[in-house]
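The next block holds one structure in the form of structure tokens; read it before the comments.
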Amino acid sequence: MLKVGLTGGIGAGKSEVSRLLVACGAVLIDADRIAREVVAPGTPGLASVVEAFGEEILTADGSLDRPRLGAIVFADPEKLAVLNSIVHPLVSARSRELEEAAAEDSVVLHDVPLLTENGLAPLYDLVIVVDAAPETQLDRLVRLRGMTEEDARARMAAQATREQRREIADIVIDNDVPLEQLEQRVRDVWAELVRRSRMPRPPTE
């Protein structure tokens, strides 16, 4: 099993790269999707979030109001840290369960938005960073996701810098390119991942 960490700044196009790698054959463990599952209605995770932030972060049907919570935590590093301390351990535990269920010869792709910020690079055999210029990220967030420029900039500022992400990268995928070029780059990366997955591994202690 080859354990691959995939990360990138918000709006860099990490989800598209993830989709392309899955189409090639990767087994995906999506931290964002798991993060939603662990705070679904009725879960201990949601109860902990409500205890920390109050019932105003719930919608009328009792589910998490993500835009409201996001506006609170991305404007306040201390509150963001509180949220992360609740959600991240739950996400990590569920990710381990899914990884253990994958076939032994799999390339397991961990899609982790905050991989850099949380110092998680050592958990993986290698790290792929999807990179885009900040102006590209901002344009995508405003034009494609409908964020205000202020909200988009706040979310970008709450993450690691472009330089910090590139420092931990074993492979960088440039996503300031047309889709055809991105697809070819991902195919090349997949070939490298398959090659590495077949290399003899050092014995574990």
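Which condition number in (1) of a type in the set (V, I, T); (2) more than 29 Å from G45 (Cβ to Cβ); (3) in contact (Cβ under 8 Å) with a residue 60 or more places away in the chain is the one that V172 fails?
So the condition that V172 fails would be (3).
Take the residues of the stretch 91-106 that are more than 23 Å from V194 (Cβ to Cβ) and open to solvent by 70 Å² or more (accessible area, probe 1.4 Å): which is modelled with the lowest pLDDT?
Taking the candidates together, the pick is R96.
For the stretch 120-137, which positions are of a type in the set (V, I, T) and under 18 Å from M1 (Cα atoms)?
Hits for the stretch 120-137 are V127, I128.
In the set S63, S95, S48, which member is within 30 Å of R185 (Cα to Cα) and small (G, A, S)?
Exactly one of S63, S95, S48 is within 30 Å of R185 (Cα to Cα) and small (G, A, S), namely S95.
Name every residue in the stretch 107-122 that is part of a helix (DSSP H, G or I) and either among the β-branched types (V, I, T) or crowded, with 16+ Cβ neighbours inside 10 Å (or both), in order of residue number.
A121, the sole residue that qualifies.
State whether the residues of the stretch 167-177 include one that is open to solvent by less than 80 Å² (accessible area, probe 1.4 Å), touching a Gly at 6+ places or on another chain (Cβ under 8 Å) and assigned to a helix (DSSP H, G or I).
Within the stretch 167-177, not a single residue is open to solvent by less than 80 Å² (accessible area, probe 1.4 Å), touching a Gly at 6+ places or on another chain (Cβ under 8 Å) and assigned to a helix (DSSP H, G or I).
Every residue in the stretch 5-24 that is within 12 Å of the chain's Cα centre (by Cα) and hydrophobic (A, V, I, L, M, F, W, C), please.
Within the stretch 5-24, L6, I10, A12, V17 meet the criteria.
Conditions (1) touching a Lys or Arg at 6+ places or on another chain (Cβ under 9 Å); (2) charged (D, E, K, R); (3) within 23 Å of E149 (Cα to Cα), marked per residue:
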| residue | (1), (2), (3) |
| --- | --- |
| D32 | no, yes, yes |
| A40 | no, no, no |
| P44 | no, no, no |
| G54 | no, no, no |
| P67 | no, no, yes |
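Of the residues G42, G11, G62, which is assigned to a loop (DSSP other than H, G, I, E, B), free of Cβ contacts under 8 Å to residues at least 12 places away in the same chain and either on the phi > 0 side of the Ramachandran plot or buried (at least 21 other Cβ atoms within 10 Å of the Cβ) (or both)?
So the residue among G42, G11, G62 that is assigned to a loop (DSSP other than H, G, I, E, B), free of Cβ contacts under 8 Å to residues at least 12 places away in the same chain and either on the phi > 0 side of the Ramachandran plot or buried (at least 21 other Cβ atoms within 10 Å of the Cβ) (or both) is G42.
Do we have V129 as part of a strand (DSSP E or B) and either within 17 Å of the chain's Cα centre (by Cα) or basic (K, R) (or both) here?
Yes: the conditions hold for V129.
So G146 ticks every box in (1) free of Cβ contacts under 8 Å to residues at least 12 places away in the same chain; (2) assigned to a helix (DSSP H, G or I) but one. Which box is left unticked?
Going through (1) free of Cβ contacts under 8 Å to residues at least 12 places away in the same chain; (2) assigned to a helix (DSSP H, G or I) one by one, G146 breaks only (2).
Is the stretch 95-106 home to any residue that is within 19 Å of the chain's Cα centre (by Cα), among the small types (G, A, S), assigned to a helix (DSSP H, G or I) and more than 16 Å from Q159 (Cα to Cα)?
yes
Restricting to the stretch 20-32, name every residue that is in a helix (DSSP H, G or I) and surrounded by 13 or more Cβ atoms within 10 Å (Cβ to Cβ).
Hits for the stretch 20-32 are L20, L21, V22, C24, A31, D32.
The values are calculated or read from the model by the stated rules, or taken from the named source; none is laboratory data. None of these values were measured; they are calculated from a predicted model. A quick note on method: Cβ atoms are made from the backbone with ideal geometry, for glycine too, and the neighbour counts reach across all protein chains shown. Side chains included, ligands, DNA and RNA excluded: accessible areas come from the protein's heavy atoms. Shrake-Rupley method; radii C 1.70, N 1.55, O 1.52, S 1.80 Å.
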